[in-house]
Amino acid sequence: MKRSVSILVLSFLFACTPKEEVDLIVYNANIYTVDSDFSKASSVAIKDGKFVAVSEQANISASYTANRQIDAQGKTVVPGLIDAHCHFYGLGLNQQVVDLVGTKSYDEVLQRVADFHKKNPSNAVLGRGWDQNDWEIKEFPFNEPLNKMFPDIPVVLQRVDGHAYLVNHKALKMAGIDNSTQVEGGEIVKENGQIIGVLVDAPMAMVDAVMPQPNRETQIQALQQAEKLCFEYGLTTVNDAGLDRSTIELIDSLQQAGDLSIRIYAMVSNTPENLEYYLNKGIIKTDKLNVRSIKVYGDGALGSRGAALKAQYSDKKGHFGAMITPIDDIENIAKRIAATEYQMNTHAIGDSANVVILKTYQKALEGKTDRRWKVEHAQVVSEKDFDYFKSGIIPSVQPTHATSDMYWAEDRLGPERIKGAYAFKKLLEKAGTVALGTDFPVEQVSPFLTFYASVARKDLDNYPDGGFQMKDALSREETLKGMTIWAAHSNFEEEEKGSIEVGKKADFVILSEDIMTIPEQDIPNLKAEQVFVGGAQVK
């Protein structure tokens, strides 16, 4: 009798315990928390922008109440997706120039440029996205047609990888570039001793210096347009790989005013002015902005043959690519950054560039722990150089590069060297973690294409049969971690985001299907149906 009374009393007390009022409850969900156990839950409670409970629906219902509750209807919930390497501001600016992505010929490029300028007349024509590897004639174009079409205004058309320009004669003249111009760290492409209008890497800066710069209104519009595109795909944090102080400060002001909601990990562009300011000032951290890394360029891109290789290109005798930043400068910069709390994130595509960066990191970080310096892309690595990643260096890779380049990469590298290219699984095995991104607008914004390329290693036409170099595919669990908790770790933010856990920021996405079980071929069609940043719905 006493036992029955006790149970009744406890039940009464429990029933009378007031529930905690929270801001939002999501229930009836298939939640992948991406915690250390990769556990699942069915409900979360959110208050003041953070998760206060992650559990089964009955437990949440018994302890919490909220005016706003979302029935997820059994749909999958994942942590807010992080793009570990992209060009967020550049994406926004690209919305205001000629879109050349997907052009199948030089003639199509010319037609798009003409149509755009007719609708948007201006004193300069800018565009981005051409890729001669997608054309029947896979050679760099000549600028003669552009010279005839636009004799009096500059035309600057950026290659899809951002590492080459096609410019007309007017732009060359404004930049002071002629047949006698010499520039280290890139190439002014010539045929029969004459400039054809293609500039690879370093010479591009000469054109940038004389082109009109966007005003503040255009910059704000660009940032907000980029945010809208990112939220559309469930991205709640983006790592912008190379920003100047003025853009970083504009981002901060927009975030503080509530006019920009996306979280940004800003890599500071490697310029003397930026280094002087930020390394002396130290880390800048707000709720939505984290400035604690310097972005350095090692070499160029494989598609434009600017990637620095140890041996000559298989499809261009005597050509090795080039380092954009001289090796001595890279070593001095690394030493300087190592003396601060800042992270060094270096673009390295070719096997020569990768080993230069890896050796530099090892030397600069001797005796230091948990610095989390990143190699951005780590695209082509020699067999003997993979072990450098065992020392805490993080590979930051972009799976869609593999499926975009697979048609011609072996032509550039040859059958042996290609084995160490796009080797995501091997990098993971050595480093213990990989951070995944897109490099947009070089690739498309969608993180679901990243996921698909990572696990299937195929294009959207299901090519190649069996996948491209499947030995280096990642599992679905590894891929989701690379887009969430591992990316957050690479940013020193794993204690505040990257998983759905109590105390972390309530950044999460409700997906249209279960990303962990959906048929492989359907992954690219996934949708981010609802997106939340700090518990606030942004889509």
> In debye, nearest 20: dipole of the stretch 144-231 around its Cα centre with unit charges on the Cβ of K, R (+) and D, E (-)?
Replying inline: 240
> Which of 324, 339, 260 sits closest to the plus end of the dipole of the stretch 248-355, meaning its Cα is farthest towards the positive end, when Lys and Arg get +1 and Asp and Glu get -1 on the C-beta?
Replying inline: 324
>> Can you tell me what share of the DSSP beta bridges in the chain is antiparallel? A percent to the nearest 5 is fine.
In response: 45
> What's the center-to-center distance, using Cα atoms, between the stretch 185-249 and the stretch 425-456 in Å?
Replying inline: 22
>> Whole-Hz ³J(HN,Hα) for each residue in the stretch 261-270, computed from phi via Karplus 6.51 cos²θ - 1.76 cosθ + 1.60 with θ = phi - 60°, x for glycine and proline: what do you get?
In response: 9, 5, 8, 10, 9, 9, 8, 6, 4, 6
> Out of 486, 452, 464, whose Cα points farthest toward the positive end of the dipole of the stretch 440-498 (charges: +1 Lys, Arg; -1 Asp, Glu; placed on Cβ)?
Replying inline: 464
>> Counting C-alpha atoms alone, how compact is the stretch 380-482: give Rg to one decimal and Dmax as a whole number, in angstrom.
In response: 13.0, 39
> Counting other Cβ atoms within 10 Å of each Cβ, which trypsin sites (Lys or Arg not before Pro) in the stretch 235-313 have at most 16 and sit in a DSSP loop?
Replying inline: 310
> For the cross-link pairs 281/426; 374/504; 384/481; 104/228; 228/426, which exceed 30 Å when the distance is taken from alpha carbon to alpha carbon?
Replying inline: 281/426; 228/426
> Which net charge results for the neighbourhood of residue 473, defined as the other residues with beta-carbon distances under 12 angstrom from its beta-carbon, given Lys and Arg at +1 and Asp and Glu at -1?
Replying inline: +3
>> Of 151, 394, 18, which is farthest towards the positive pole of the chain's charge dipole, taken about the Cα centre with +1 and -1 on the beta-carbons of Lys, Arg and Asp, Glu respectively?
In response: 18
> Taking square-rooted eigenvalues a ≥ b ≥ c of the alpha carbon gyration tensor, is the stretch 17-169 rounded, prolate or oblate, where a/c under 1.5 means rounded and, failing that, a/b exceeding b/c means prolate?
Replying inline: prolate
>> Rounded to the nearest 20 debye, what is the charge dipole size of the chain about its Cα centre when +1 sits on each Lys and Arg Cβ and -1 on each Asp and Glu Cβ?
In response: 900
> For residue 29, what charge total do you get from the other residues with a beta carbon under 13 Å from its beta carbon, if Lys and Arg give +1 and Asp and Glu give -1?
Replying inline: -2
> What ranking, highest mean first, results for peptides 375-385, 147-157 when packing means the other Cβ atoms within 10 Å averaged over each residue?
Replying inline: 375-385, 147-157
>> Can you return the aspartates and glutamates within cross-link range of residue 527? Criterion is Cα-Cα under 17 Å, with same-chain partners fewer than 8 residues away left out.
In response: 83, 227, 232, 507, 513, 514
>> Per-residue counts of other Cβ atoms within 10 Å, averaged by peptide: what ranking do you get for 99-111, 227-239, highest first?
In response: 227-239, 99-111
> Residues of the stretch 221-288: accessible area per residue at 1.4 Å, in Å²?
Replying inline: 40
> Out of (i) 38.7; (ii) 28.4; (iii) 32.2, which label holds the value of mean projected area of the Cα convex hull in nm² that was computed here?
Replying inline: (ii)
>> What is the percent carbon and sulfur in the accessible area of the chain, measuring with a 1.4 Å probe over the protein chains and ignoring ligands?
In response: 48
>> Report for the stretch 188-277 the percent antiparallel among DSSP-assigned beta bridges with both residues inside it, nearest 5.
In response: 35
>> Not counting ligands, DNA or RNA, and with a 1.4 Å probe, what is residue 513's accessible surface area in Å² rounded to the nearest 10?
In response: 100
> Treating the beta-carbon of each Lys and Arg as +1 and of each Asp and Glu as -1, no other charges, what is the dipole magnitude of the stretch 467-539 about its Cα centre, to the nearest 20 debye?
Replying inline: 160
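The values are calculated or read from the model by the stated rules, or taken from the named source; none is laboratory data. Since we're looking at a predicted model, the values are computed, not measured. Because the Cβ atoms are built from the backbone with ideal geometry, glycine has one as well, and the counts that use them run over all protein chains shown. Heavy atoms of the whole protein, side chains included, go into the accessibility calculation; ligands, DNA and RNA do not. Shrake-Rupley method; radii C 1.70, N 1.55, O 1.52, S 1.80 Å.
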